[in-house]
Amino acid sequence: MYKLLKKSGKARRGEFTTPHGVIQTPVFMNVGTLAAIKGAVSSMDLKEIGCQVELSNTYHLSLRPGDKIIRELGGLHKFMNWDRPILTDSGGFQVFSLAKIRRIKEEGVYFNSHIDGRKIFMGPEESMQIQSNLGSTIAMAFDECVENPAARDYVEGSVNRTTRWLERCKVELDRLNSLSDTINKKQMLFGINQGGTYEDIRIEHAKVISKLNLDGYAIGGLAVGESHEDMYRIIDAVVPHLPEEKPIYLMGVGYPSNILEAVSRGVDFFDCVLPARNGRHGHVFTSHGKMNLFNAKFQLDASPIDEGCQCPTCRNYSRAYIRHLFMAKEMLALRLCVIHNLYFYNKLMADIRDAIDGDYFEEFKSKQLNEWGEKA
């Protein structure tokens, strides 16, 4: 259940009550595709750096170690020792981004595994069954993510099929939740709005899926090749046509500036691999913008990554030391930078929530964009 606590302009401050705890929104979900954050970050670390929600992937976990194995071990929460909410992606995006050869039919998608090439079929029912085996807090509906730009005729047909798939997801998850041996009988379902960069298709799809009274709604198919301007234009068009009493999730976004812009347009949930991926390559986020720790100027720099940051990395290690670790190819470098970047994102969301609570979000947004050297 989503409770809207406060609005500052279009920015929303809320609480989302789930079977695994209350999520304070806006929120950034820390991405652990295979039930682990890349960079040797544990579930205990996630709690220390303020993570509220962990995100894992249906497709990848169905291949390794297998959703049935995770079910036998008590579900994803027990498997990875995480007692807070987990959202599982449906696997739809990975099917379309990783599968070199695929056939999309009304029943679902036929494709080959990116690991060993074996033939796989996944449709709405299969995606729900895998996610039920994982026992995640929030299951995402199975959809098709089209590339941008895409022909209007194709997008229209794809969106209509995605709607039919969503209806099948809802029926199947209701069935699974009613079974006596289901791990999480209160598993929630989020539907996904699609439509490429066509505003009218997006708006009509938002109206149609809103009638299904789902637990939440996502905006998918963005940050896949279109400009930031097009992304913001689509968010502006779609959000007014999604239920105000349900959380809104912008999938796969993004940079801190993207998050601020999307919050100002009414978005509540975010996820992105970017902070962890950047951290593993020595690129860290700071209060004054992004920094590359491979730069030689940090060789004798005894200051922390970001002055004033209270993350475990900044409290204990210098830029010079972390640069040394990267140059020596020590794994600790990756871990320290991923921890810092995820802390930065989680702290940013806490500051955003405070700004909305205090009714100064637009001033906060302008100040942050200015400090990062970004244009509002």
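Just so it is clear, none of the values below were taken in a lab; they were calculated from the coordinates. The structure displayed is predicted, hence computed values, not measured ones. As a convention, Cβ positions derive from the backbone with ideal geometry for all residues, glycine included, and neighbour counts pool all protein chains shown.
Rounded to whole numbers, the Karplus 3J(HN,Hα) couplings from phi for the range 38-46 are 4, x, 6, 9, 8, 5, 5, 4, 4 Hz, using 6.51 cos²θ - 1.76 cosθ + 1.60 with θ = phi - 60°, and x at Gly and Pro.
Put simply, the amide H of LEU5, placed in the peptide plane, has neighbours under 5 Å in ARG13, GLY14, GLU15, leaving out anything fewer than 5 places away on its chain.
Look at the alpha carbon pairs under 8 Å that are at least 6 residues apart: their mean separation over the length of the chain gives a relative contact order of 18 percent. Using the rule -39500 (n - 2.57) for each DSSP H run of four or more residues, divided by the residues of the chain, the 222 nm mean residue ellipticity is -12500 deg cm²/dmol.
Taking the Cβ-Cβ separation of ARG175 and ASN292 as r and a Förster radius of 45 Å, what is the calculated FRET efficiency to the nearest 0.05? Result of the calculation: an efficiency of 0.35. Of the residues MET327, MET349, the one with the fewest other Cβ atoms within 10 Å heads the list, and the complete ranking is MET327, MET349. Modelled spin-label separation between SER366 and MET1, with each label point placed 7 Å from Cα along the Cα-to-Cβ direction: 3.9 nm. The lysines whose alpha-carbon is closer than 29 Å to the alpha-carbon of LYS105, local same-chain residues fewer than 8 away aside, are LYS68, LYS119, LYS170, LYS207, LYS211.
For the range 2-272, give me the percentage of DSSP beta bridges that are antiparallel, rounded to the nearest 5 percent.
If I count the DSSP bridges inside the range 2-272, around 45 percent turn out antiparallel.
Distances between placed amide hydrogens fall under 5 Å for ASP301 paired with ALA320, all partners being 5 or more residues away or on another chain. Which whole-angstrom value gives the distance between the alpha carbon centres of the range 1-64 and the range 169-190? The two parts, judged by their Cα centres, are 20 Å apart.
Rounded to a whole number of µm²/s, how large is the Stokes-Einstein D of the range 279-371 at 25 °C and 0.890 mPa s, given Rh as the Kirkwood radius over C-alpha pairs? Show your work: numbers first, answer last.
Values: Rh = 13.9 Å.
It comes out at roughly 177 µm²/s.
Evaluated at q = 0.11, 0.19 Å⁻¹, a Debye calculation over the C-alpha positions of the range 146-291 (equal weights, vacuum) places log10 I(q)/I(0) at -0.48, -1.13.
Working note: Cα atoms of the chain, range along each principal axis, descending, whole Å: 60, 45, 39.
May I ask you to compute the full-extension gain from LEU98 to ASP301, defined as 0.36 nm times their residue separation minus their alpha-carbon distance, rounded to one decimal in nm? Please report the intermediate quantities before stating the final value.
On the way: separation 203, 0.36 × 203 = 73.08 nm, distance 4.09 nm.
So the extension gain works out to 69.0 nm.
Between the range 333-376 and the range 232-299, the C-alpha centres lie 9 angstrom from each other. Remark: spin-label model distance ARG277-ASN160 equals 3.4 nm, labels positioned 7 Å along the Cα→Cβ axis.
Tell me, what is the percent relative contact order of the range 67-114, built from C-alpha pairs under 8 Å that lie six or more residues apart? Numbers along the way, then the final one.
On the way: 26 pairs, mean separation 9.8, N = 48.
Across the range 67-114, relative contact order equals 20 percent.
Residues of the chain were split at every exposed loop site, defined as GluC sites (Glu not before Pro) in a DSSP loop with at most 11 other C-beta atoms within 10 angstrom, and the longest piece left, sites excluded, is 107-244.
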